[in-house]
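A.B. asks: The structure under discussion is supplied below as structure tokens; questions concerning it will follow.
The values are calculated or read from the model by the stated rules, or taken from the named source; none is laboratory data. All figures in this text were calculated on a predicted structure; none of them were measured in a lab. Using ideal geometry, Cβ is built from the backbone for each residue, glycine included, and neighbour counts are taken over all protein chains shown.
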Amino acid sequence: MLLPKNTPDTYLFPTERNTPLRRDNVWNRAMFPKLKTVGLE
């Protein structure tokens, strides 16, 4: 995997704005909607 920047302070999983991913955002935007569609909310 190639990172946009190769510096010691580069995030491995950055957001579109190059900030660190937040646990709550990942859950609310990515995981929860998919779980809800299959009845596992």
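A.B. asks: Among Pro8, Pro14, which is surrounded by 11 or more Cβ atoms within 10 Å (Cβ to Cβ) and not hydrophobic (A, V, I, L, M, F, W, C)?
C.D. replies: Pro14
A.B. asks: Check region 15-25 and report whether any residue there is in contact with a Pro (Cβ under 8 Å, 6 or more places away or on another chain), in a loop (DSSP other than H, G, I, E, B) and modelled with pLDDT under 85. Explain how you work it out, then say what you get.
C.D. replies: First, the residues of region 15-25 that are in contact with a Pro (Cβ under 8 Å, 6 or more places away or on another chain): 18, 20-21.
Next, from what is left, pick out any that are in a loop (DSSP other than H, G, I, E, B): 18, 21.
Subsequent filtering for residues that are modelled with pLDDT under 85 retains 18.
Yes: region 15-25 contains one or more residues that are in contact with a Pro (Cβ under 8 Å, 6 or more places away or on another chain), in a loop (DSSP other than H, G, I, E, B) and modelled with pLDDT under 85.
A.B. asks: Right, another one. Restricting to region 26-41, name every residue that is of a type in the set (D, E, K, R) and part of a loop (DSSP other than H, G, I, E, B).
C.D. replies: So the first thing to find is which residues in region 26-41 are of a type in the set (D, E, K, R), and the list is 29, 34, 36, 41.
Scanning region 26-41 gives a single hit, Glu41.
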